[in-house]
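Below: the structure, in C-alpha cells.
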Amino acid sequence: MSMKAGNTSRKELYQSIKFKLLVAFSAFSIITFSIALAFFWLDSRQNRIGDITKSLTHLNLQINDVNNLEKDFFSNDAFNQEFYNTGKSSYLRKHTNLLEQIKREVALLRDEADLQSKQMSQEVDKVTKQINSLEKLFEDLVLSIRTRGFKDKGLEGEMRKAIHKLEINGKKYKLSETKILTIRRHEKDYIIRKENEYVDSVLKAVVVLQNEIKRVVQTPADQQELLSNIEEYRQAFLELVKVEKRIGFHNQSGLKKKLNDSLEQLEKDIQRIDQIVFDASSRVRANVKYTLIGLLTIFVFLSIALGVFVNQKLGRPITLLSNSINWVIQNDFSEESQIHSINNKDEIGRLANDFQHMLEAVQTRTQEVLKQKNLLEKKNHDITKSINYAKRIQDAMLPQLETIQQVLPHSFIMLRPRDVISGDFYWFSEVTDDQGHLKQIIACSDCTGHGVPGAFMSMIGTDLLNEIVNENRVHEPQLILNMLHDKIRKALKQQTTGNRDGMDISIVAIDKEKQTLQFAGANTPLVYIQNHELHLIKGDKEGIGGLENERDRDFTCHTIQLRPPLKSTLPGAITSHLVDSPDQDEKQPYAPTTFYIFSDGYQDQFGGEKGRKFMLRRMTDLFIQIYHQPMNEQREILERTLTNWANGQRQIDDILVMGIHLP
C-alpha cells in the first residue's frame with residue numbers, strides 16, 4: 001500500500017507546475033551560464049590583445065624617447081665640460097636603461113600565447129640584435145665625441161694648448177699675430193662647417209707661419225721650439241679632423257649616419273611586429289565574432305524551444321482558463337457561463353475545477369446580491385432625495401444675496417459646500433439700536449462637521465442669531481458671541497451630555513451714521529483694506545461651544561473707523577476704482593473700505609505643485625490684488641484661483657468667503 005502511495009506522489013510531483021517550472025528554469029540557467037562564461041573568455045582574449053597593442057604603442061614611444069635622448073645628449077652634454085671631466089651623463093644613463101627596458105618588453109612578446117609563431121620569434125631576435133647594435137654604435141659615438149673633446153679637453157684641448165704656446169712664444173720674436181689669427185679663423189670655420197676646404201686652409205696657414213718662423217727666428221733652439229709648437233697644433237688638428245669624420249656631420253656620414261640607420265631599422269622591425277600583432281588581433285576578433293554568432297544562434301534556438309515547451313505545458317492551459325474567466329465576467333456570472341474544462345493533471349487542471357465550483361457558488365450568491373443591490377439602490381435614492389430636499393430648506397433659511405445687496409450693493413458671497421449641504425453659513429440682519437441708529441449685522445460661520453451634521457449646526461446657529469439679534473436686541477458683536485456661546489451650550493446640553501459640537505464665527509456690525517465697523521471673531525479673522533493698505537485682525541482664539549465648553553467666553557470687540565482721509569500718494573490705477581458717493585468732499589476726500597470675512601475652507605485647500613495648503617498669507621495677497629475690482633469679478637477670480645490651485649484634488653472642507661465694499 002505504501003509503495004503505491006509513494007509512486008502516486010512521485011507521479012504527481014512530475015506532473016506539477018512546480019516541477020515543470022524547475023525544469024524550464026534549470027535549462028534556461030544552464031544556457032545563460034554557458035553563454036556568460038563564453039563571453040568572459042572571449043572578453044579576456046580581447047583584453048589580452050588590447051594589452052599587447054598598448055605595449056607595442058609604448059615600445060614605439062620608447063624608441064622615440066631613445067632618439068630624443070640621443071639628440072639631447074648631442075645638443076647638451078656634448079658641449080658640457082662636466083661630461084668630459086667625469087665621463088658621466090644623465091642622458092647616457094637613461095639611454096642605457098631605456099634600451100634594456102625595450103629588450104625586456106620585446107622578449108615578453110615572444111611568450112604571449114596568441115603571438116607564438118616562428119615568424120614572431122625571428123622578428124623578436126632581429127629586434128634584440130638591432131638594439132644591441134644600436135647600443136654598440138652609440139657607445140662608439142660617445143667615445144669618439146669624448147676623444148674629440150671640448151674647449152680644454154681632448155683633441156680640441158690639445159690644439160688650444162699648442163696654439164696658446166705658439167702665441168706666447170711668438171710675441172717674443174714678434175711673429176705675425178695676423179697669421180696666427182688666420183689659422184684660428186680657418187680652424188673655427190672647419191669646426192662649424194666640417195668642410196675639407198677649411199682643412200686645406202688651416203694647413204696652408206700653418207705652412208705660411210712655419211716659413212715665417214724660419215725666416216724671422218735665427219736662433220736654432222728657439223726656431224726648433226716654435227716649429228715644434230706649430231707641429232703639435234697641426235698633428236692635433238689632423239687627429240681632430242679624423243675623429244670628426246668618424247663621428248659624422250648632421251646624420252649624413254660617419255657613426256651618426258650608422259646610428260640613425262640603425263634606429264630606422266629598429267623602427268621597421270618594430271613595425272613588422274606591429275603587423276604580426278595586428279594580424280593576430282584580427283584573427284582573434286574574427287574568432288570572437290563567429291563564436292558569439294554561434295553562441296547567440298544556439299541561445300535563440302534553445303530559447304525558442306524552451307518557450308514552446310513552456311507554452312504547451314503552461315501558457316496554453318492558463319490562456320484557456322483566463323479566457324473562460326473573462327467570458328464568465330463579461331456575462332455577469334450568468335447561469336449559462338461555465339469554466340473551460342482542462343484535462344491537465346497539474347495545478348492548472350485542479351484550479352479550473354475549483355473555479356467551476358466557485359462559479360456555481362457565485363452564481364447562487366449573485367442572485368441574493370442582486371436582490372440586496374436593488375434594495376440598497378432604492379434606499380440610496382430615498383436618502384439622496386432627502387438630502388436634496390434638506391439643501392432646499394437650508395438655502396431657504398440663508399439670506400438672499402439680493403436682500404443683502406439692496407442694503408450693501410457692493411458685496412459678494414462665495415459659498416461652495418464640500419457635500420450637497422454645508423456646515424458653513426452666513427447670516428444678515430438690518431436693525432435699529434436703542435439710539436435709533438440703523439445697523440447692518442453680518443455673520444460668517446463655520447460649524448463643526450460637514451454634510452448633514454454641519455447643516456444641523458448651521459440651522460441651530462441661524463435660529464439662535466435671529467433670537468439674539470432680532471428678538472433680544474443684542475447688537476454689539478462681542479455680546480452676540482458671548483450669548484451665542486451660552487445658548488449653544490444650553491441647546492446641546494454640553495455640560496451633561498459631553499457633546500463637543502460648536503462653530504467658528506465672525507460678527508460684523510456696520511454703523512453708517514457713526515461711520516464705524518465693529519468686529520468680533522471666534523477663531524476667525526477680519527481682513528480690511530483702506531488706502532491700499534491691508535489690515536488683518538485676528539479674532540479670539542476661542543470657538544463657540546466645542547471642546548472647551550465648561551468655560552465662559554468673553555470675546556473682544558474691535559472698532560474700525562470708516563472713511564479715513566484719502567492719501568494723495570495712491571496710484572491712479574487704485575483711485576480710479578473708487579465708487580462715487582454723494583458724501584465725498586472734493587477738498588477733503590476720504591478712502592473707502594473693503595473688508596472680507598471667511599471660513600478656513602479656502603485657505604486650508606490642498607493643491608499647487610507640491611500639494612500644500614493655500615494658506616492665509618496667499619489669500620491676503622490675493623485680496624490686495626483684486627479688492628479694487630468690481631465685486632462680482634472678485635468672486636469669479638476667487639472661484640477661478642481656487643479651481644486652478646486644487647487642480648482636480650478633492651475639496652476637503654466647506655468654503656465660505658464674503659466680501660463687502662463700503663464707499
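The values are calculated or read from the model by the stated rules, or taken from the named source; none is laboratory data. These numbers were taken from a predicted model, which means no experiment stands behind them. Neighbour counts are summed over all protein chains in view; Cβ atoms, including those assigned to glycine, are modelled from backbone coordinates with ideal geometry. For accessibility, only protein heavy atoms count, side chains too; no ligands or nucleic acids. Shrake-Rupley method; radii C 1.70, N 1.55, O 1.52, S 1.80 Å.
Could you check how much of the accessible area of the chain is carbon and sulfur, as a whole percent, using a 1.4 Å probe?
Here carbon and sulfur together make up 53 percent of the probe-accessible area.
May I ask you to list the aspartates and glutamates whose Cα is less than 16 Å away from that of Lys94, ignoring any residue fewer than eight positions away on the same chain?
Partners found: Asp65, Glu70, Asp72, Asp77, Glu135, Glu139.
About the Cα centre, and with charges only on the beta carbon of Lys, Arg (+1) and Asp, Glu (-1), how big is the dipole of the chain? Nearest 20 debye, please.
Using only the charged Cβ atoms, the result is roughly 4360 debye.
Using the beta-carbon distance between Asp222 and Thr178 and R0 = 25 Å, what value does 1/(1 + (r/R0)^6) give for FRET efficiency, to the nearest 0.05? Please report the intermediate quantities before stating the final value.
Values: r = 21 Å, r/R0 = 0.83.
For R0 = 25 Å, the calculated efficiency reads 0.75.
For the range 92-169, report the translational diffusion coefficient in µm²/s to the nearest whole number, using Stokes-Einstein at 37 °C, 0.692 mPa s, and a Kirkwood Rh over Cα pairs. Provide the component values of the computation, followed by the final result.
Numbers: Rh = 15.8 Å.
Reported coefficient: 208 µm²/s.
Give me the base-10 log of I(q)/I(0) for the range 88-229 at each q in 0.10, 0.15, 0.16, 0.21 Å⁻¹, Debye formula, one uniform scatterer per Cα, rounded to two decimals.
One equal scatterer on each Cα of the range 88-229 leads to -0.58, -0.84, -0.90, -1.21.
Straight distance only, please: which lysines reach the Cα of Lys514 with their own Cα at less than 23 Å, same-chain residues fewer than 8 apart left out?
In chain and number order, the partners are Lys439, Lys567, Lys587.
Compute from the Cα atoms of the range 378-430 the Rg and the Dmax, the latter being the longest Cα-Cα distance, and quote both in angstrom.
Considering the range 378-430 through its Cα atoms, Rg and Dmax are 14.0, 46 Å.
Which entries in the list Lys126/Lys289; Lys385/Lys538; Lys88/Lys151 go over 29 Å, if you measure between the two C-alpha atoms of each?
Result: Lys126/Lys289; Lys385/Lys538 exceed 29 Å.
What is the extension gain from Tyr290 to Thr366, computed as 0.36 nm multiplied by their sequence separation minus the C-alpha to C-alpha distance, in nm to one decimal?
Contour length minus the Cα-Cα distance gives 21.0 nm.
Could you calculate the FRET efficiency of Phe19 with Phe39 from 1/(1 + (r/R0)^6), where r is the beta carbon distance between them and R0 is 30 Å, rounded to 0.05?
With a Förster radius of 30 Å, E is 0.45.
What are the ³J(HN,Hα) couplings of the range 495-504, residue after residue, when phi is run through the Karplus curve with 6.51, -1.76, 1.60 and θ = phi - 60°? Round to Hz, x for glycine and proline.
These are the phi-based 3J(HN,Hα) values: 5, 10, 8, x, 5, 10, 6, x, 7, 9 Hz.
Over the Cα atoms of the range 217-273, what Rg and Dmax result, in angstrom?
21.6, 73
Run a plain Debye calculation on the range 223-314 (Cα atoms as equal point scatterers, no solvent) and give log10 I(q)/I(0) at q = 0.15, 0.17, 0.18 Å⁻¹, rounded to two decimals, same order as the q list.
-0.84, -0.90, -0.92
Accessible area per residue of the chain at 1.4 Å probe, in Å²?
Values: 37510 Å² over 663 residues.
I get 57 Å² per residue for this part.
Please sort by residue number the GluC sites (Glu not before Pro) in the range 449-521 whose DSSP state is loop and whose Cβ has at most 12 other Cβ atoms within 10 Å.
Glu513
Applying the Karplus parametrisation 6.51 cos²θ - 1.76 cosθ + 1.60 with θ = phi - 60° to the phi angles of the range 519-536, what ³J(HN,Hα) value in whole Hz is obtained for each residue in order, glycine and proline being reported as x?
My calculation for the range 519-536 gives 9, 9, x, 10, 6, 9, x, 10, 10, 9, 10, 9, 6, 6, 10, 8, 10, 10 Hz in order.
For the range 191-253, take every pair of Cα atoms, bin their distances at 10 Å starting from 0, and report each bin as a whole percent.
That works out to 20, 42, 24, 12, 3, in percent per bin.
What value in Å³ per residue do you get for the convex hull of the alpha-carbon atoms in the range 58-97?
About 48 Å³ per residue, rounded to a whole number.
Hey, what's the Cα Rg ratio for the range 426-571 versus the globular rule of thumb, 2.2 N^0.38 Å?
Relative to the 2.2 N^0.38 Å estimate, the range 426-571 comes out at 1.13.
From Cα pairs below 8 angstrom and at least 6 apart in sequence, can you work out the relative contact order of the chain, rounded to a whole percent?
RCO, the chain: 10 percent.
Once each part is reduced to its C-alpha centroid, what is the distance from the range 206-244 to the range 253-289 in angstrom?
Using only Cα atoms to place each centre, the spacing works out to 55 Å.
I want to check the label-to-label distance for Ser322 and Arg392. Put each point 7 Å from Cα in the C-beta direction and report it in nm to one decimal.
5.3
Where in the chain are the DSSP H helices whose alpha-carbon span along the long axis reaches 18 Å or more and whose Kyte-Doolittle mean is at least 0.0?
Once both thresholds are applied, what remains is 17-75, 196-216, 254-310, 316-330, 451-465.
Over the alpha carbons of the range 362-476, what is the largest minus smallest coordinate on each principal axis, giving the biggest first in Å?
78, 28, 19
5 Å is the cut-off here: which amide hydrogens, built 1.01 Å from N in the peptide plane, fall below it relative to Ile652, excluding neighbours closer than 5 in sequence?
Under 5 Å from the amide H of Ile652 lie the amide H atoms of Phe606, each far enough along the sequence or on another chain.
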